[in-house]
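Input: a single structure, listed below in structure tokens.
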Amino acid sequence: MFTRLARAILWGPALALIPLGAGAHEIVGNRFFPATLVADDPGVNDELSLPTASLFKTSDVPSVNELDIAVEFSKRITDDFALIVQPTWTHLYAPGGPLGNGASGFQNLETTAKYRLYKNGEHEFIVSVGLVAEWANTGAKSLSVDTFTTYTPTLYFGKGLGDLPDAVWWARPLAVTGVFGYAIPSRSRTIIATADPDSGDVTVDNSPNPRFFNWGGSIQYSMPYLKTAVNDLGLPDFINHLIPIVEASLQTPVSNFAGLDLKTTGTINPGVLWVGNTFQVGVEAIVPVNRQSGTSVGVIAQLHLYLDDLFPTTIGKPIFGGPVTPAKPF
Amino acid sequence: MSNKSIIAALFALPIVITQASAHATLDHSDPRVGNTVKSSPSAVTLWFTQKLEPAFSSAQVTNASGAVVSSGASVSGSVMRVGVRSLPPGTYRVHWKVLSVDTHTTEGSFSFRVGQ
């Protein structure tokens, strides 16, 4: 998904894309890591984001409004390994699109294979690895989708601060997540030939396909954790389900961008999640970090369903592997 | 149906899915998490968000030195009760591990204080 933003920078009046809802909720000891909206988190689970919707202004000149609606389906193959499919439908408002009157369609399909590498409940620590692929030519041509596939090996981590000393008990509900990926296009260059409709002259645009370092994460303060693991302050029930969160998602060009005026781009996303037993809802602002990342503050919202809780005996359990091991009494 | 209506309908889905089962997580306890009680309780009571499997759900209470100060736990529905000996003033930690009726295992811990 990160590479789509890079493409928008390369091709000018195309679509600017932010990563949408590739997170997964996860329980690690006392800690519940919620699904995040923008920066992918380390969770591996059965779940469905239906939908993740965002509205923001692109970095194009002139800037245009872009509406993205994404669906993410994550299915565990084993307890530690999941496959994720995420189609995203985009609408560019005028003067966007190739003719300046807007454009709509699906973006290139994105898939992720994610494996939970390490999980430590005592220290609320989890590490996962994954391979994200954005598949060439699977989206609408009117959106100028990439004609090459991009593979992004990715490292994810999450750490809850529940093991802090008593003197800073108030900080124990804090948790951080991080994601680091290296986006590798399947082709090093893209060549596009266009003919002038009047003269018939053909011009050839031969541009490199840069490699990007994708990085980001979240800082979150869990009110459920505060109530059930640190200090029950007797707050209203609604408050006890909230997780204020700030996410960040950035892309830094690393190589193969000679001649292109590329900078680090991305967004900071402050917002809040409401977490229930079987679903969560979240809303965040989309704040571009510079002019190359967007021209005004946008918004992103998500409804996220926990399939492992909704359908624990059918689609909410891993395909392979025995039944969940019962907890042994002390 | 307009795009706005479709999006509104999708975000209304939680209304129809609130009756599903889920992980059993701690909802609240007595003594309350992180709070101080004046005198020793006779038991620690834990309320969970889902019904528990009694045979595979338990809890322990330990004192500041790690010694167990609780007796056995009993489960009724989504409530677990752990008997404790007369507790002198100090900080105590409750460790719980439960299996919900939909076979999800969860665990956690928290502290409370007596007479401080």
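No other residue among A:273, A:233, A:226 is within 14 Å of chain B (Cβ to nearest Cβ) and in a strand (DSSP E or B) apart from A:273. Facing chain A (nearest Cβ under 10 Å), surrounded by 18 or more Cβ atoms within 10 Å (Cβ to Cβ) and over 23 Å from residue A:240 (Cβ atoms) - does that describe any residue in the stretch B:28-35? No; the residues of the stretch B:28-35 include none that is facing chain A (nearest Cβ under 10 Å), surrounded by 18 or more Cβ atoms within 10 Å (Cβ to Cβ) and over 23 Å from residue A:240 (Cβ atoms). Of all residues in the stretch A:117-171, exactly one satisfies the criterion of being without any contact (Cβ under 8 Å) to a residue 12 or more places away in the chain and of a type in the set (Asp, Glu), namely A:166.
Residues that are within 23 Å of residue A:30 (Cα to Cα), surrounded by 24 or more Cβ atoms within 10 Å (Cβ to Cβ) and aliphatic (A, V, I, L, M) within the stretch A:83-139 comprise just one, A:126.
Quick one: would you say residue A:279 is within 21 Å of the chain's Cα centre (by Cα), within 14 Å of chain B (Cβ to nearest Cβ) and more than 30 Å from residue A:207 (Cα to Cα)? When the stated conditions are applied, residue A:279 passes them. For the stretch A:148-207, residues that are aliphatic (A, V, I, L, M) and more than 30 Å from residue A:116 (Cβ to Cβ) total 7.
Taken as a whole, the condition of being assigned to a strand (DSSP E or B), more than 14 Å from chain B (Cβ to nearest Cβ), crowded, with 21+ Cβ neighbours inside 10 Å and of a type outside the set (Lys, Arg) applies to residue A:220.
The strands (runs of 3 or more DSSP E) located wholly in the stretch A:85-172 that include 3 or more residues which are closer than 30 Å to residue B:109 by Cα and not hydrophobic (A, V, I, L, M, F, W, C) occupy A:110-120, A:150-160. Can you confirm whether the stretch B:44-54 contains a residue that is closer than 25 Å to residue A:240 by Cα, away from chain A (no Cβ under 11 Å) and among the β-branched types (Val, Ile, Thr)? Yes, the conditions are met somewhere in the stretch B:44-54.
Each value in this text was obtained by applying a stated rule to the coordinates, not by laboratory testing. Owing to the predicted nature of the structure, the values given are computational and were not obtained by experimental measurement. Using ideal geometry, Cβ is built from the backbone for each residue, glycine included, and neighbour counts are taken over all protein chains shown.
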